[in-house]
Every structure is written in structure tokens, then in C-alpha cells.
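Everything below concerns the one structure shown next.
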Amino acid sequence: MQQITDISRENRFLEGLSGRLTITGVILGVVGLGAAFGLAQGAEGGVHRLWWSYLMNWVFFLSISLGALGFVLIQHLTKAGWSVVLRRIAEALAANTLVCGLLFIPLLFGLHDLYHWLDAEAVAADHILQHKAGFLNLNFFLIRIAFYFVVWIGGSLFLLRTSIRQDQTGDYRLTQRMEAASAPLMFLYALTVTLASFDLLMSLDPHWFSTIFGVYFFAGGFLAFFALLPVIVWWLQGRERLERAITPEHYQDMGKFMFAFLVFWGYIAFSQFMLIWYGNLPEEIGWYVRREAGTWSDIAWLIVVGHFMLPFAFLMSKHVKRRLAILVLAG
């Protein structure tokens with residue numbers, strides 16, 4: 001039996017909260033960046049470490065927005081109706097690719113500290129880098145990054161604005177337009193997300209390569225998005241927003257998605273490790289050898305236990321999936 005929920009009196013707008021969140025975020029961001037750059041100046045290797053930290057954090061939040069964009073595209077491709085209220089949240093998160101694009105600008109000043117293949121002397125002394133120079137060079141790298149963000153920002157803003165217009169006008173043709181656009185956008189999404197993972201992360205170690213790395217990055221982004229989504233719902237409902245529109249059935253669906261992509265992420269991560277470990281090729285195995293040295297080994301086990309085993313045990317239960325607070329904790 002289909003359940004119908006009356007949301008005519010539902011509070012669906014952030015109103016003053018939106019402005020306060022934006023202002024608070026900007027202030028915290030500026031203060032945080034200023035403090036980080038200030039502290040880095042007086043520390044040994046501080047600037048170099050700062051760029052590494054900035055890149056990793058930037059890529060993490062970018063991956064959440066990309067996971068949200070992928071979710072929106074899938075909902076339109078499948079013409080899903082159950083997820084409309086959650087899709088609105090995902091559309092807003094996907095539009096943060098614009099913010100991520102702006103936050104890439106500071107990285108332009110640290111590219112030479114991050115990417116070994118930008119050092120002309122290193123390239124001249126390394127025949128592998130010379131063979132990859134047609135792809136790994138500054139101009140082509142920046143052209144690719146610009147193309148990625150044109151696709152991500154253009155696609156996310158198109159879907160967000162068209163969705164808002166559809167809400168305002170009730171014109172179903174706008175829904176059909178989004179569904180039609182989602183097929184080519186999904187192709188471009190898969191291509192750009194894969195190549196971006198190669199450019200931004202895999203090329204940090206230009207001798208190493210993994211053909212499954214793009215899928216690994218994609219799975220991690222989707223998982224991070226589904227871990228954040230219940231947190232946002234919990235925050236909104238705690239402020240009397242969407243209290244009736246988002247039901248325990250939605251909680252359970254979010255939990256199912258989180259569990260599915262947790263298993264998928266674990267499968268891809270293990271597949272990559274197992275194949276490289278079994279092959280034991282010098283150009284591949286070094287990537288994992290370095291991550292088993294020193295304290296990195298402890299961090300690796302922390303990821304296995306905290307990022308996979310514990311959430312897996314939590315999310316197996318249907319009762320956990322239907323309780324938002326526990327779902328937030330599992331995420």
C-alpha cells in the first residue's frame with residue numbers, strides 16, 4: 001500500500017539559516033587558511049606539508065560533491081520518485097563543485113611542491129617521466145582541470161536551477177529535460193571523475209599506476225556523500241525542517257545506499273590491493289610498501305577497522321537503518 005504524507009504545512013526553506021551558514025563558513029574558511037599559512041611559515045617543511053594537507057582536504061570535499069552529482073544523475077536516469085526530497089539536498093551539495101573550483105585556485109601556487117613531474121630537472125633525469133610528458137605537463141594538466149570543472153559546475157547548476165523552476169512552475173517538461181540531459185551528463189561524469197582521480201591523486205606518484213583507481217575514487221566519493229546525507233537530514237530535522245517529508249522509509253533507503261557503497265568500496269579497495277600484492281611488480285608494489293612503513297601501517301589498519309568493519313557491522317541491521325541518530329553515528 002502506498003503511503004501518502006501530508007507536507008502542506010512542512011517547513012521546507014532554510015530562510016535566515018542559509019545566510020548565517022554561508023557567512024560562518026566563509027569566516028571560518030578564511031581564518032583557517034590564514035592560520036594554516038601563518039603556522040606553516042615557521043615550521044620545517046611546513047609549506048610543503050601545508051600543500052599536501054590542503055590538496056587532500058580539498059579532494060575529499062570535492063569527492064562528496066561529485067558523489068552527490070552522481071546520485072542526482074542516477075535518480076533522473078531511473079526516473080525515481082521516492083528520492084525527490086533527498087535529491088533536493090543532493091542537488092545543493094552537487095552545486096558546491098563551484099566552490100571547489102574556486103578553492104582550486106590557491107593550489108595553483110603549490111603545484112610544483114606537489115607534483116614531481118613539474119620539475120624539469122627531474123623529468124630530464126627520468127626516462128619514465130619523459131615518456132609521460134605528453135600527458136603530464138602543466139598546460140595540458142590545467143586544460144583538463146578546467147574541462148572537468150566546466151562539466152561538473154555546468155551539469156550541477158543546470159540540474160539545480162531546472163529543478164527549482166520545476167518546483168515553482170509544476171511544468172513536467174522540465175523534469176523530462178533533466179532526465180534527457182542526464183544520460184550524456186553521466187557519460188561525461190564517469191569520464192571526468194576517472195581522469196580527475198588520475199590527475200589529482202595518482203600522478204602524485206607518477207611512476208605508479210592502477211587502472212582501477214578511478215573506480216576506487218568514485219566509490220569513495222559516493223560513500224562519503226551517503227555518510228554525510230543522514231547528518232544533513234538530522235541537522236535539518238533538528239531545526240524543524242522536512243520533519244514529515246523525510247520519513248523512516250527514507251532513513252532506511254539512505255542506510256541501504258550507505259551499506260551498498262561501503263561493500264562496493266571495500267571490494268574495489270581489496271581488489272586493487274590483492275592484484276598488486278599478488279603480481280608483486282616493482283612499479284606497482286612500492287605504493288603499498290610505503291603505506292605499510294612506520295605509523296602508516298597503523299593508519300592502514302584504522303581504515304580497515306574504522307572505515308569498513310565497524311560500519312559494516314552497524315549497517316547490517318534494518319533497525320539501525322530506520323533510526324536516524326544511529327545512522328548518523330554509523331556514517
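Each value in this text was obtained by applying a stated rule to the coordinates, not by laboratory testing. Quick caveat, the model's predicted, so the values are computed rather than measured. Reconstructed Cβ throughout: ideal geometry from the backbone, glycine too, with neighbour counts over all protein chains shown.
The calculated FRET efficiency for Val84 paired with Leu157, based on their beta-carbon distance and R0 = 22 Å, is about 0.70.
Listed values (1) 28.7; (2) 19.6; (3) 16.0 include one computed from this model; for mean projected area of the Cα convex hull in nm² that value carries the label (2). Please list, by residue number, everything in region 300-315 whose backbone N is under 13 Å from a paramagnetic label point 7 Å out along Cα→Cβ of Leu329. Inside the label zone: 311, 314-315. The string of couplings for region 117-132 from the Karplus curve (6.51, -1.76, 1.60, θ = phi - 60°) is 6, 8, 8, 4, 5, 5, 5, 5, 9, 10, 5, 5, 5, 5, 5, 8 Hz, one whole number per residue in order, with x for Gly and Pro.
Rounded, prolate or oblate: pick one for region 208-331, where a ≥ b ≥ c are the square roots of the eigenvalues of its C-alpha gyration tensor, a/c under 1.5 means rounded, and failing that, prolate if a/b is larger than b/c, else oblate. Prolate shape, in that a/c is at least 1.5 and a/b is the bigger ratio.
In a reduced charge model with +1 at each Lys and Arg Cβ and -1 at each Asp and Glu Cβ, the chain shows a dipole moment near 1240 debye about its Cα centre. For the chain, lysine pairs separated by 8 or more sequence positions, or belonging to different chains, with Cα-Cα distances below 28 Å total 5. Highest mean first, the peptides 27-34, 91-98 sorted by other C-beta atoms within 10 Å per residue fall in the order 91-98, 27-34. Largest GNM mean-square fluctuation among Ala219, Ala313, Ala269, using the chain with Cα springs under 10 Å: Ala313. Taking a ≥ b ≥ c as the square roots of the eigenvalues of the Cα gyration tensor, an a/c ratio of 1.5 or more together with a/b larger than b/c marks region 96-191 as prolate. Fewest-first ordering of Met309, Met186 by other beta carbons within 10 Å of each residue's beta carbon gives Met309, Met186.
Taking the Cβ of Phe261 as the center, what net charge do the other residues with Cβ under 15 Å away carry, scoring Lys and Arg +1 and Asp and Glu -1? Surrounding charge for Phe261 is +1.
Exposed loop positions in the chain were taken to be trypsin sites (Lys or Arg not before Pro) whose DSSP state is not H, G, I, E or B and which have at most 15 other beta-carbon atoms within 10 angstrom. Between these positions, the longest stretch is 80-238. Loop-located chymotrypsin sites (Phe, Trp or Tyr not before Pro) across region 138-233 with a Cβ neighbour count of 13 or fewer within 10 Å are lacking, with loop assigned by DSSP. Considering only alpha-carbon pairs that sit under 8 angstrom and 6 or more positions apart, the relative contact order computed for region 46-203 is 29 percent.
In the elastic network of the chain, a GNM with C-alpha springs shorter than 10 Å, the most mobile of Glu284, Glu121, Glu179 is Glu121.
Farthest toward the positive end of the dipole of the chain, out of Thr247, Asn139, Val72, is the Cα of Thr247, where the dipole comes from beta carbon charges about the Cα centre.
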